[in-house]
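A short write-up of the structure that comes next.
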Amino acid sequence: MAKARATTVQRIRRQARDAVFLRVAGPDGPRNRARIHTTPGPRWFAPDRPVRRVHGDASMFVGGLAALLLQSLHPLAMAAVAAHSGYRGDPWGRLNRTSTFLAVTTFGTSADAEAAVALVREVHARVRGRTADGVPYRADDPELLTWVHLAEADCFLRAHQQYGRRPLDSAGCDAYLADTARVARALGADRPPENVRELALRMARYRPGLRPTAASRDTARFLLSEPPLPGAARLPYALLAAAAV
């Protein structure tokens with residue numbers, strides 16, 4: 001009986017994981033994953049690098065949601081997302097693009113990683129605007145790019161250490177940040193941290209400028225309470241959301 005229950009739990013977990021993966025990665029997710037992993041050629045990161053362990057773990061679902069919530073507390077970053085990303089009209093499309101970028105730069109060929117970075121930089125160069133208070137912003141601002149990277153690196157690593165199948169030791173955590181710094185520099189971030197100590201110091205420098213806004217509260221409500229999900233995915237998503245906050 002106990003074995004049967006364990007098998008049932010494993011099956012439910014697998015179904016939940018697959019349901020969330022299909023929503024995040026999109027209908028082409030399995031095909032894209034196969035192409036990214038099997039295309040021959042040199043990679044930015046060797047198979048034993050920590051970034052591959054972290055970004056290949058299911059804990060990324062938790063880390064990704066936490067990163068979106070944390071990023072939204074920067075008023076300029078939130079203004080840019082609200083005005084230009086289309087996260088409400090096409091939230092899964094945005095997540096699909098983000099997850100594909102992470103997969104390509106982590107596991108794909110160097111040529112594909114460079115092309116993905118170039119495309120993102122091209123998009124960022126066109127994003128300009130002003131907040132409701134009249135403060136100008138641009139998506140290719142190194143200060144904003146650095147904040148987005150810090151929030152992602154911090155949340156991805158924390159989620160992995162808390163929920164990941166194989167948490168990293170202290171040296172591995174530093175190595176993970178050194179790996180992700182390579183991608184951040186390619187995107188235009190300013191001196192991304194390469195170890196846990198540097199990450200904590202950089203996060204502390206941004207903290208005084210973080211605050212909730214109407215847009216960030218709307219984002220949190222949308223992500224946590226009103227996600228556009230079919231019934232089968234709502235329970236696993238609720239568990240992810242609870243772990244992310």
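Only a single criterion out of (1) crowded, with 19+ Cβ neighbours inside 10 Å; (2) at pLDDT 95 or above; (3) in contact with a Leu (Cβ under 9 Å, 6 or more places away or on another chain); (4) in a helix (DSSP H, G or I) is not satisfied by Glu198, namely (1). On the given criteria, is Leu177 in a helix (DSSP H, G or I) and surrounded by fewer than 12 Cβ atoms within 10 Å (Cβ to Cβ)? Here the answer is no, as Leu177 does not meet what is asked. Could you tell me whether any residue of the stretch 100-123 is at pLDDT below 95, in contact with a Phe, Trp or Tyr (Cβ under 7 Å, 6 or more places away or on another chain) and not polar (S, T, N, Q)? For the stretch 100-123, residues at pLDDT below 95, in contact with a Phe, Trp or Tyr (Cβ under 7 Å, 6 or more places away or on another chain) and not polar (S, T, N, Q): absent.
Answer yes or no as to whether Leu168 is out of contact with any Gly (no Cβ under 8 Å at 6 or more places or on another chain) and modelled with pLDDT of 95 or more. Against the criterion (out of contact with any Gly (no Cβ under 8 Å at 6 or more places or on another chain) and modelled with pLDDT of 95 or more), Leu168 qualifies. Go through the stretch 197-237 and give me each residue that's under 18 Å from the mean Cα position of the chain (by Cα) and among the aliphatic types (A, V, I, L, M). Passing the criteria: Leu199, Met203, Ala220, Leu223, Leu224. The set of residues in the stretch 27-55 that are crowded, with 17+ Cβ neighbours inside 10 Å, under 18 Å from Thr109 (Cβ atoms) and out of contact with any strand residue (DSSP E or B) (no Cβ under 7 Å at 6 or more places or on another chain) comprises Asn32, Ile36, Trp44, Phe45, Arg49, Val51, Arg52, His55. Quick check: is even one residue across the stretch 51-67 basic (Lys, Arg) and at pLDDT 95 or above? Yes: the stretch 51-67 contains one or more residues that are basic (Lys, Arg) and at pLDDT 95 or above. Residues in the stretch 68-91 that are modelled with pLDDT of 90 or more, part of a helix (DSSP H, G or I) and over 12 Å from the mean Cα position of the chain (by Cα): Pro75, Leu76, Ala77, Met78, Ala79, Ala80. Name the residue, out of Pro167, Pro208, Pro228, that is under 26 Å from Val81 (Cα atoms) and in a loop (DSSP other than H, G, I, E, B). Being under 26 Å from Val81 (Cα atoms) and in a loop (DSSP other than H, G, I, E, B) holds for just one of Pro167, Pro208, Pro228, which is Pro228.
The values are calculated or read from the model by the stated rules, or taken from the named source; none is laboratory data. Here the structure is a predicted model, which is why all the values come from computation and not from measurement. Because the Cβ atoms are built from the backbone with ideal geometry, glycine has one as well, and the counts that use them run over all protein chains shown.
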